[in-house]
Amino acid sequence: MNFLNVFLKLKPGARASGLLFGAFLALVMPSGARCQPGSVSNGRDTLTVMMYNLLYYGVNTSFCTSSNNSLTTKNARLQTLFSYLAPDLLGVCEMSPVSSVNSGFLNNVLNTGGRSGYLRANLMNPSGSDIVALLYYNSNKLGIKSQTPVGTQGRDIAFYRLYHKPIAANNDTVWLYVAVAHLKAGGTASDIAQRGQEAGSLVQHWRSTGLRGNLLVMGDLNVSSSSEPAFDSLLNAGSVPNHRLKDPVSRLGAWSGNSSFALWHTQSPRTASNGCASGGGLDDRYDHILVNDFVMGDSAGIRYVPASFRILGNDGNRFNGNVNGTFNASVPVAIANALYDISDHLPVVLKLAVGPALPSSTQDVLNSSVAGPGTQKLQLLCDPLRPGAWSVRVLDDGMGLRWAWVLRGLDGRVLDSGILEECVNACDVRGINPSPVVGFLEWTPLSFEGKSQGRTQILGPVPARLAP
């Protein structure tokens, strides 16, 4: 039983009280585990990946117009969103195929607000669709080696091969294959069959090219359950293990209208339609980021960061409701409002740790036991001038260890997470608590195979971020 469970048992109804939580932690934690004033510095780099259906971005139809789907309003809300969470790899669908529009998204949204270095992949639209899938990326961290449209019965699937920067002196680097897809919508037998064909075309593409390596497939797949042929073909793509994809959170089942999957629903963040955006509240899991065994198992220099997968704006209390209808514990108010206005889908986010696989000779470094909550190996620091900012400093006894960290809210939900690789010299990890109430950090030492090798240390309270 962890500290949070003890707290909730001792203090029924105290989930909403940051003061009670802070008081509880003050009683059970030694001083080294509490937030202390100090400076922060960057830890190991990770890639933030986002998939987002932008709802007829820059495309006017009979039902989506400049009045109910204003590009000016959408861009302003997107600027707010990306100031809060800036992805390094962004897959979008329902983007306009008009170059001035999809380039305008790059110049007027991504490369603004102090952000720079974003590039757009080439537009690929042999099918002539009025909405397309497209990839944007942080060129300071990533480059594109090749890009190919995968033809289907419907819209083309955009397929890319990317490399991580900087490239080593021996020209060795880490590679990542990425597909961005928008499968056929609808619930008829023919719709389901077409989705199956579209997913099958993608699987056949990487079979025919002999793909081997890190693979990520993201998109609005429009599937209502994991048993649909399209989804099943992606997860069970023949006999080649690295062709088979995995749901990072392993939440398989019948998602549509099922409150058991409330935390994973992506559509719709509003209950009432405005004529363009669908209503009905959050009750469908259409949007996904899937990864293969190479990514889950760190076989080729990229690993999925445990517990980093989330539906941005979904705190699990939105079933059939609005993303901003009541207090949302997962994002600030301004972000919940932006997500409500931008689209009738929520973004899907995860993190990837990138770098060469660590040698097996270091896998037995964690034989010694780890002391109790947060005094000998870790120190939590805070910046009083930046509410919500936190930093964890690895002390001398924590050097040479690999750590997994998770930032949790008062209700136990994951707010952020990451991996800190082996520290040789002093290193810190920093972040922002996105919640308007205090949280706490769990730090667990790992083997270099990703397995827990010691007791989790609890650090906190982590100061709340003031709602913008």
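The values are calculated or read from the model by the stated rules, or taken from the named source; none is laboratory data. Since this is a predicted model, take the numbers as computed values, not measurements. Using ideal geometry, Cβ is built from the backbone for each residue, glycine included, and neighbour counts are taken over all protein chains shown.
Annotations for the structure displayed:
- Test result for S250, of a type outside the set (F, W, Y) and farther than 26 Å from G154 by Cα: yes
- Restricting the range 268-285 to residues that are surrounded by 24 or more Cβ atoms within 10 Å (Cβ to Cβ) and not small (G, A, S), the residue that is nearest to L312 (Cα to Cα): P269
- Of everything in the range 300-316 that is at pLDDT below 90 and hydrophobic (A, V, I, L, M, F, W, C), the residue that is farthest from D287 (Cα to Cα) is A300.
- Leading residue by the ranking (nearest to S417 (Cα to Cα)) among those in the range 239-287 that are assigned to a helix (DSSP H, G or I) and hydroxyl-bearing (S, T, Y): S260
- Considering only residues in the range 48-105 that are of a type in the set (V, I, T) and touching a Cys at 6+ places or on another chain (Cβ under 9 Å), the one that is nearest to M218 (Cα to Cα) turns out to be T61.
- Selection of the range 75-104 for residues being assigned to a helix (DSSP H, G or I) and within 17 Å of V132 (Cβ to Cβ) yields S99, S100, V101, N102, S103, G104.
- Test: residue in the range 88-107 that is among the charged types (D, E, K, R), under 26 Å from D232 (Cα atoms), buried (at least 22 other Cβ atoms within 10 Å of the Cβ) and modelled with pLDDT of 95 or more: yes
- Candidates T112, T152, T148, T72, filtered to the one that is among the polar types (S, T, N, Q), closer than 22 Å to A181 by Cα and not in a strand (DSSP E or B): T152
- Scanning the range 192-223 for residues that are part of a helix (DSSP H, G or I) and without any contact (Cβ under 8 Å) to a residue 24 or more places away in the chain, we see that the one that is farthest from S129 (Cα to Cα) is S208.
- Set S208, S201, S190, S225: member being polar (S, T, N, Q), surrounded by fewer than 16 Cβ atoms within 10 Å (Cβ to Cβ) and in contact with a strand residue (DSSP E or B) (Cβ under 6 Å, 6 or more places away or on another chain): S225
- Among residues of the range 228-238, those that are part of a loop (DSSP other than H, G, I, E, B), buried (at least 18 other Cβ atoms within 10 Å of the Cβ) and not small (G, A, S), counted: 1
- So L290, is it at pLDDT 95 or above, touching a Pro at 6+ places or on another chain (Cβ under 8 Å) and either closer than 30 Å to E421 by Cβ or not assigned by TED's automatic domain parsing to the domain that holds R161 (or both): yes
- Any pair with Cβ under 9 angstrom, 6 or more apart, that starts in the range 332-351 at a residue that is in the same structural domain as Q267 (by TED's automatic domain parsing) and of a type in the set (D, E) and ends at one that is crowded, with 24+ Cβ neighbours inside 10 Å and in a loop (DSSP other than H, G, I, E, B): D344/S268; D344/P269
- Taken over the range 155-191, the residue count meeting the criterion of being acidic (D, E) and either under 14 Å from L216 (Cβ atoms) or in a helix (DSSP H, G or I) (or both) is 1.
- Filter pass, L380 being over 21 Å from I302 (Cα atoms), among the aliphatic types (A, V, I, L, M), modelled with pLDDT of 70 or more and out of contact with any Asp or Glu (no Cβ under 8 Å at 6 or more places or on another chain): yes
- Search result, residues across the range 269-281 that are over 18 Å from the mean Cα position of the chain (by Cα) and either within 23 Å of L211 (Cα to Cα) or of a type outside the set (D, E, K, R) (or both): T271, A272, S273, N274, G275, C276, A277, S278, G279, G280, G281
- Members of the range 311-350 found to be assigned to a loop (DSSP other than H, G, I, E, B) and within 15 Å of the chain's Cα centre (by Cα), listed by number: L312, G313, N314, D315, S330, V331, H345, L346, P347
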